[in-house]
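Trainee: Below you will find the structure I want to go over with you.
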Amino acid sequence: MTAHAAEPTPAVPPMPERNPKALREAIAEHAPQLLADFDKHWKWAVADAYDISTVPAFMTRWWGEYAIARDPKLDAHMRDLHHRASGSTDIAEAKALLEEASHIRYQVRRLEPGQ
């Protein structure tokens with residue numbers, strides 16, 4: 001009987017350049033499940049508003065969303081944290097779970113292009 005090699009874990013794609021076009025391209029390629037919401041939010045917050053002052057806040061949000069979604073393990077961990085928090089009857093436990101999720105979101109916002 002031959003042993004089967006474990007399937008390689010797909011590499012987490014690097015963060016793109018920090019601009020809306022590059023981020024959208026990365027989302028389309030590596031996290032297409034986010035693309036419709038990204039486009040809808042862009043249209044509402046920037047394009048239809050004719051207001052480029054909203055771009056930094058838009059980028060901050062979607063930078064973090066992509067950073068999590070591009071990593072299947074991290075994405076699953078975040079979903080698990082939210083699921084466990086929503087089902088918890090212990091307020092301290094729910095708070096701790098949501099604080100962990102918040103900490104992760106804060107950390108991924110600090111990623112730089114190429115990381």
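The values are calculated or read from the model by the stated rules, or taken from the named source; none is laboratory data. Values in this document were obtained by computation on a predicted structure and should not be read as measured data. When we count neighbours, we look across all protein chains shown, and the Cβ atoms used for this are built from the backbone with ideal geometry, even at glycine.
Trainee: Would you call residue 105 outside the structural domain of residue 22 (by TED's automatic domain parsing), touching a residue at least 40 places away in the same chain (Cβ under 8 Å) and not hydrophobic (A, V, I, L, M, F, W, C)? Full working, then the answer.
Mentor: On the way: outside the structural domain of residue 22 (by TED's automatic domain parsing): yes; touching a residue at least 40 places away in the same chain (Cβ under 8 Å): yes; not hydrophobic (A, V, I, L, M, F, W, C): yes.
The answer is yes for residue 105.
Trainee: So, residue 55, is that one surrounded by 10 or more Cβ atoms within 10 Å (Cβ to Cβ), more than 25 Å from residue 107 (Cβ to Cβ), in contact (Cβ under 8 Å) with a residue 12 or more places away in the chain and not acidic (Asp, Glu) or not?
Mentor: Numbers: surrounded by 10 or more Cβ atoms within 10 Å (Cβ to Cβ): yes; more than 25 Å from residue 107 (Cβ to Cβ): no; in contact (Cβ under 8 Å) with a residue 12 or more places away in the chain: yes; not acidic (Asp, Glu): yes.
Judged against the criteria, residue 55 is not a match.
Trainee: Return yes or no: is residue 111 of a type outside the set (D, E, K, R) and outside any helix (DSSP H, G or I)? Write out each step before concluding.
Mentor: Numbers: of a type outside the set (D, E, K, R): yes; outside any helix (DSSP H, G or I): yes.
Considered against the rule, which asks whether it is of a type outside the set (D, E, K, R) and outside any helix (DSSP H, G or I), residue 111 comes out as yes.
Trainee: Additional query: Which residues, counting only those in the range 16-36, are surrounded by 12 or more Cβ atoms within 10 Å (Cβ to Cβ) and within 12 Å of the chain's Cα centre (by Cα)?
Mentor: Hits for the range 16-36 are 23, 26, 27, 30, 31, 34, 35.
Trainee: Look through the range 73-108, keep the residues that are among the polar types (S, T, N, Q) and in a loop (DSSP other than H, G, I, E, B), and return whichever of them is farthest from residue 42 (Cα to Cα).
Mentor: Going residue by residue through the range 73-108, those that are among the polar types (S, T, N, Q) are 86, 88-89, 102, 107.
Among the residues that remain, those that are also in a loop (DSSP other than H, G, I, E, B) are: 88-89.
Details: 88: 34, 89: 37 Å.
Among them, the one singled out is 89.
Trainee: Something else now. Residues that are at pLDDT 95 or above and within 19 Å of residue 112 (Cβ to Cβ): find the helices (runs of 4 or more DSSP H) completely inside the range 1-72 holding 1 or more of those. Don't jump to the end; show me each part of the working.
Mentor: Details: elements: 20-30, 35-42, 55-69.
Output list reads 20-30, 55-69.
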